[in-house]
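Visitor: One structure, pasted below without further comment.
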Amino acid sequence: MNKSKQLFEEARECIPGGVNSPVRACGAVGGEPVFVKSGRGSRIYDVDGRSYLDLVNSWGPLICGHAAPWVIHAVESAVRQGASFGAPTEGETRLARLIRSHYPAMELVRLVSSGTEAAMSAIRLARGYTGRDKIVKFKGCYHGHADSLLVSAGSGLATLGLPGCPGVPAALAALTLTSPYNDVASLERIFHDCGGEIAAVIVEPVAGNMGVIPPAPDFLPAIARLTREYGTLFICDEVITGFRLGLGGASAHLGLKPDLTLLGKIIGGGLPLAAFGGRREIMARLAPLGDVYQAGTLSGNPVAVAAGLATLEYLQSQPSSIYGRMRLNSERLTSGLLSLATAAGFPAWGNQIGSMSTLFFTSGPVTDYDSALKSDTALYGAFWRGMRDRGVWLAPSQFEAAFTSAGMLPDDIEEALDAAEATFQDMKKN
Ligand code: KE4
């Protein structure tokens, strides 16, 4: 038995499903998790000595690639000063200022430890600020696992085919209205019916949790218009897209001015750190200034902040070449996979923006959750296993994104495409 299998057996004995987050289980793609020993640059190495070109990058945070020397140095220096104090540190202010310099709509920023915490806190703040209870989210979007947001959610729920989530009180779930992504008419009907009761609309400006789905040109402007018209807050969930699509993320890329913005993943550089922020008058309702309570023992943790600052300062150093290189690699990967899959006779559709992409095993177009769900997940599973066996690590789910990192070279992409060509040939035979 290989070591991964042995470790997985041991893990299942004391951890539910042997994993600490369901999407890592690999069951949906007919595999088992590989236990990772280390990462470096564009690759990860499992406990059996196998190496993989990593297109998951820890689900987005590792934009610099694994074990970037500047991140290691920053973390080492920080932790030598102490891991956590439960008191403010200068780094937190530096990080908040750096974030605000690229996200001017985030006039005040609160640091937390996960994207879930950022989303949960922003929803509570929106409800407290507006005095309203209803929220709107879009089918297939995922904003973490807070109760109000596990309605028609993507990511792991889509992967595991979970329509909803037991344990979320029906009365609470009923306050979460859902609408198809990219469907302006449906959203207009919701606002026509009960706009005055809606505290917030929360959206992934580029969806990443039903696979990658870019916004239709009229979609985000419609959210901005309707929320302004009805006094509802516009919450932009940039946990994936923040500092991924550029230094100002989707907000800069698409010219958005949300009332509240969520960030995560990249801003922690691989350590647990996320943030939410927005208009001063809204954020001022947060304790200790205001009466909306939100807190966290490790919020703004100095070691995580050091990793985040090192990551963002690297991205700031040569943004056009770093983001340009990642985008070109993502474009080459997506167009290459699409032509190879099509040439092999498989239904395929590719969505790509910046350094994030998804190859869907459906003829497409994939523009919302329903069209994403038409994908042949068994084909995706065969593709995933073939690529794994050839040393390429993809998200173990059709409903996630492939991320290129700054540590990735064009040759890496050609290696992935060679593996894909061999995989598709194998799939044709079976
Ligand atoms: P976390 O609580 O996992 O840090 O963030 C939740 C979250 C919020 N918003 C968006 C847009 C997100 O994508 C996420 C988390 N993303 C998933 C993968 N797409 C995390 C992977 C996992 O659940 O293990």
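The values are calculated or read from the model by the stated rules, or taken from the named source; none is laboratory data. Here the structure is a predicted model, which means the values were calculated and not measured. We place every Cβ from the backbone using ideal geometry, glycine too, and count neighbours over all the protein chains shown.
Visitor: Which of the helices (runs of 4 or more DSSP H) contained wholly in region 86-203 include at least 3 residues that are under 24 Å from residue 277 (Cα atoms) and within 16 Å of the ligand (Cβ to nearest atom)? Talk me through it step by step, then tell me what you get.
Guide: On the way: elements: 90-102, 115-130, 156-159, 170-173, 184-194.
Per the criteria, 115-130.
Visitor: Return the pairs, sorted by first residue and then second, in which the second residue is of a type in the set (Asp, Glu) and modelled with pLDDT of 95 or more, the first residue lies in region 94-113 and is in the same structural domain as residue 312 (by TED's automatic domain parsing) and buried (at least 21 other Cβ atoms within 10 Å of the Cβ), the beta carbons are less than 7 Å apart, and the residues are 6+ apart or on different chains.
Guide: 111/92
Visitor: Another question about this same structure. Just for region 9-27: of the residues that are touching a Leu at 6+ places or on another chain (Cβ under 9 Å) and of a type in the set (A, V, I, L, M, F, W, C), which one is farthest from the ligand (Cβ to nearest atom)?
Guide: Our first condition is that a residue be touching a Leu at 6+ places or on another chain (Cβ under 9 Å); within region 9-27, this holds for 18, 22-23, 25, 27.
If we keep only those that are of a type in the set (A, V, I, L, M, F, W, C) as well, we get 23, 25.
On the way: 23: 5, 25: 10 Å.
Step by step, filter region 9-27, then rank; the result is 25.
Visitor: Same structure again: Give me the helices (runs of 4 or more DSSP H) completely within region 207-295, filtered to those with at least 3 residues that are farther than 24 Å from residue 94 by Cα, ordered by residue number. Outline the logic, then answer.
Guide: Values: elements: 219-230, 249-254, 280-283.
Fully inside region 207-295 and qualifying: 219-230.
Visitor: Looking at residue 136, is it surrounded by 23 or more Cβ atoms within 10 Å (Cβ to Cβ), touching a residue at least 24 places away in the same chain (Cβ under 8 Å), touching a Phe, Trp or Tyr at 6+ places or on another chain (Cβ under 9 Å) and farther than 23 Å from residue 267 by Cα? Step through it out loud before you land on a result.
Guide: On the way: surrounded by 23 or more Cβ atoms within 10 Å (Cβ to Cβ): yes; touching a residue at least 24 places away in the same chain (Cβ under 8 Å): yes; touching a Phe, Trp or Tyr at 6+ places or on another chain (Cβ under 9 Å): yes; farther than 23 Å from residue 267 by Cα: yes.
Spelling it out, residue 136 is indeed surrounded by 23 or more Cβ atoms within 10 Å (Cβ to Cβ), touching a residue at least 24 places away in the same chain (Cβ under 8 Å), touching a Phe, Trp or Tyr at 6+ places or on another chain (Cβ under 9 Å) and farther than 23 Å from residue 267 by Cα.
Visitor: Scanning for something free of Cβ contacts under 8 Å to residues at least 60 places away in the same chain and either closer than 20 Å to residue 212 by Cα or surrounded by fewer than 15 Cβ atoms within 10 Å (Cβ to Cβ) (or both), does region 54-65 turn up at least one residue? So that I can check it myself, show each step before the final result.
Guide: Looking only at region 54-65, we keep the residues that are free of Cβ contacts under 8 Å to residues at least 60 places away in the same chain, and these are none.
Scanning region 54-65 turns up no residue that is free of Cβ contacts under 8 Å to residues at least 60 places away in the same chain and either closer than 20 Å to residue 212 by Cα or surrounded by fewer than 15 Cβ atoms within 10 Å (Cβ to Cβ) (or both).
Visitor: Do we find a residue being within 28 Å of residue 160 (Cβ to Cβ) and either within 16 Å of the ligand (Cβ to nearest atom) or at pLDDT 95 or above (or both) anywhere in region 222-233?
Guide: For region 222-233, residues within 28 Å of residue 160 (Cβ to Cβ) and either within 16 Å of the ligand (Cβ to nearest atom) or at pLDDT 95 or above (or both): absent.
Visitor: Hey, any hits in region 391-408 for a residue that's in a helix (DSSP H, G or I), in contact with a helix residue (DSSP H, G or I) (Cβ under 7 Å, 6 or more places away or on another chain) and either within 19 Å of residue 160 (Cα to Cα) or within 16 Å of the ligand (Cβ to nearest atom) (or both)? Before the answer, list the steps.
Guide: Within region 391-408, the first condition is being in a helix (DSSP H, G or I), and the residues that meet it are none.
No, region 391-408 has no match at all.
Visitor: Another one. Would you tally the residues in region 28-46 being within 14 Å of the ligand (Cβ to nearest atom) and assigned to a helix (DSSP H, G or I)?
Guide: Going through region 28-46 one residue at a time, the tally reaches 1.
Visitor: Here is a check on your reading of the model: is residue 282 buried (at least 17 other Cβ atoms within 10 Å of the Cβ) and closer than 23 Å to residue 57 by Cα? First the steps, then the outcome.
Guide: Numbers: buried (at least 17 other Cβ atoms within 10 Å of the Cβ): yes; closer than 23 Å to residue 57 by Cα: no.
It is false that residue 282 is buried (at least 17 other Cβ atoms within 10 Å of the Cβ) and closer than 23 Å to residue 57 by Cα.
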